[in-house]
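Colleague: I'd like to ask you about the structure that follows.
The numbers here are math on the coordinates, done by the rules we state, and not lab data. Bear in mind the structure is a predicted one, so any value in this text is a computation, not a measurement. We place every Cβ from the backbone using ideal geometry, glycine too, and count neighbours over all the protein chains shown.
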Amino acid sequence: MRAPEMAPLLSARGLRLAFGGVKAADGIDLDVLPGEFLAIIGPNGAGKTTFINMTTGYLKPQGGSIAYQGQSILGLKPRAIVRRGIGRSFQLPQLFTEHTVLENATLAIAARAGLWSPWRRLLRPEWQEEAEALLERFGLLGVAHARADALNEGARKLADIAMAAALEPRLLLMDEPTSGVAAAEKMKVVETLVRVLRETGVTAVFVEHDMDVVARFADRVAVWSQGRIAALGPPAEVLADPRVRREVIGIETHA
Ligand SMILES: Nc1ncnc2c1ncn2[C@@H]1O[C@H](COP(=O)(O)OP(=O)(O)OP(=O)(O)O)[C@@H](O)[C@H]1O
């Protein structure tokens, strides 16, 4: 799956962005390969969200390049980037809280239709059918008629990712998909989203603080440190690195 000759889906080179004196990106080089699940770990303020923001058009880097499927996406607006096939979910779910889960899903599907055509009609029955199928894949059909603000955090996170998936991205960037989810629920949430994304052939980049999740679900892990990538490789290798354990995971090692 990850042969060296495989062309990257996303390719970032030399990304730089400073906020005043803070170097949030200080020369980021990263290839994301088709089909992989790449975890981003690192301490608070290391620049993980900044990378996602630059890749999805929310922030413009001051230097460097980002190519998606071999074409530069630098300077494109978020909407244009979504249209190219890059989706994202946020650390805090972006649902319409006073609407039901099904209404949220139907709106997401309608939004996708709106991305492709200059005209829009009112909600169509086939969008609702598609929304139901989407919720079923994410195990959310049982809460389809619940208001989004009535969901527990695990279901809310899944619903938010389902909305991003409704736009049919080929690459999905997720900022802390398990933050705020109770420990007992966490693995189930990740299992569900990984299963759905793998079934639909979506490549994923996700920021994660739970090392058990990273060890179990990531094909590779990139360690962010002060706007740079300090280590990159398979979780078994990277998570065993004494410097990563000390500086990122907070475990003292005597190696
Ligand atoms: N829009 C902004 N304006 C000013 N400073 C910013 C902005 N966005 C990020 N920063 C700063 O850039 C640095 C990197 O922030 P970023 O949110 O990317 O870190 P992070 O690794 O995602 O952290 P966390 O794990 O806490 O979410 C931080 O020092 C942050 O305060």
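Colleague: Are there chymotrypsin sites (Phe, Trp or Tyr not before Pro) in segment 146-255 that DSSP puts in a loop and that have at most 15 other Cβ atoms within 10 Å, and which ones?
Modeller: Working: sites: F206, F217, W224; in loops: none.
Qualifying residues, ordered by number: none.
Colleague: Let me ask you something else. Could you compute the FRET efficiency for D29 and S179, with r as their C-beta to C-beta distance and R0 at 25 Å, rounded to 0.05? Present the calculation step by step, with values, prior to reporting the outcome.
Modeller: On the way: r = 27 Å, r/R0 = 1.07.
That pair, D29 with S179, gives E of 0.40.
Colleague: Another one. Among Y68, Y58, what is the fewest-to-most ranking by other Cβ atoms within 10 Å?
Modeller: Working: Y68 22, Y58 15.
If I rank by nearby Cβ atoms, fewest first, I get Y58, Y68.
Colleague: Determine ³J(HN,Hα), in whole Hz, for all residues of segment 142-149 in sequence, where each value follows from phi through the Karplus function 6.51 cos²θ - 1.76 cosθ + 1.60 and θ = phi - 60°; x replaces Gly and Pro.
Modeller: Going residue by residue, I get x, 10, 4, 9, 7, 5, 4, 7 Hz, with x marking Gly and Pro.
Colleague: Quick check on the exposure proxy: order H99, H145 from fewest to most C-beta atoms within 10 angstrom. All intermediate terms of the calculation are to be shown ahead of the outcome.
Modeller: Working: H99 15, H145 10.
Sorted ascending by nearby Cβ count, the order is H145, H99.
Colleague: On full extension of the chain, what length is gained from A113 through E191, given 0.36 nm per residue of separation minus the C-alpha to C-alpha distance? Present the calculation step by step, with values, prior to reporting the outcome.
Modeller: Numbers: separation 78, 0.36 × 78 = 28.08 nm, distance 2.85 nm.
Between A113 and E191, full extension yields 25.2 nm more.
Colleague: Mind checking the full-extension length gain between N44 and R228? Use 0.36 nm per residue of separation minus the Cα-Cα distance, one decimal, nm.
Modeller: Working it through step by step, the gained length comes to 64.9 nm.
Colleague: Another question about this same structure. Modelling each spin label as a point 7 Å along the Cα-to-Cβ direction, I'd like the E129/L92 distance in nm, to one decimal.
Modeller: The two pseudo-label positions are separated by 3.8 nm.
Colleague: A further question follows. What residues have an amide H closer than 5 Å to that of G27, excluding those fewer than 5 places away on the same chain, when H is modeled at 1.01 Å from N in the peptide plane?
Modeller: The answer is L15, R16, L17.
Colleague: Whole percent per 5 Å bin, from 0 to the bin with the longest distance: what is P(r) over all C-alpha pairs of the chain?
Modeller: Going from the shortest bin to the longest, the percentages are 1, 6, 13, 17, 19, 17, 13, 9, 4, 1, 0, 0, 0.
Colleague: I would also like to ask the following. What does the helix-only formula give at 222 nm for the chain: each DSSP H stretch with n ≥ 4 adding -39500 (n - 2.57), the total divided by the residues, and the result rounded to the nearest 500 deg cm²/dmol?
Modeller: Working: 8 runs with 86 residues, N = 255.
The per-residue figure over the chain is -10000 deg cm²/dmol.
Colleague: Okay, moving on. Going by alpha carbons, how many degrees (0 to 90, nearest 10) lie between the helix axis of 153-166 and the longest principal axis of the chain?
Modeller: The helix 153-166 is inclined about 80 degrees to the chain.
Colleague: Per 0.36 nm of contour for each residue apart, how much would the distance between E237 and H145 grow if the chain were fully extended, relative to their Cα-Cα spacing? Present the calculation step by step, with values, prior to reporting the outcome.
Modeller: Values: separation 92, 0.36 × 92 = 33.12 nm, distance 4.42 nm.
Length gained, E237 through H145: 28.7 nm.
Colleague: Let me ask something else. Which order results if M163, M211, M187 are arranged by neighbouring Cβ count within 10 Å, fewest first?
Modeller: On the way: M163 26, M211 20, M187 16.
Ascending Cβ contact count within 10 Å gives the list M187, M211, M163.
Colleague: In addition: Please identify the longest segment of the chain free of exposed GluC sites (Glu not before Pro), where exposed means a DSSP state other than H, G, I, E or B and no more than 13 other Cβ atoms within 10 Å. Write down the numbers at each step before the final one.
Modeller: Values: sites that count: E5, E98, E252.
With a cap of 13 other Cβ atoms within 10 Å, the longest stretch comes to 99-251.
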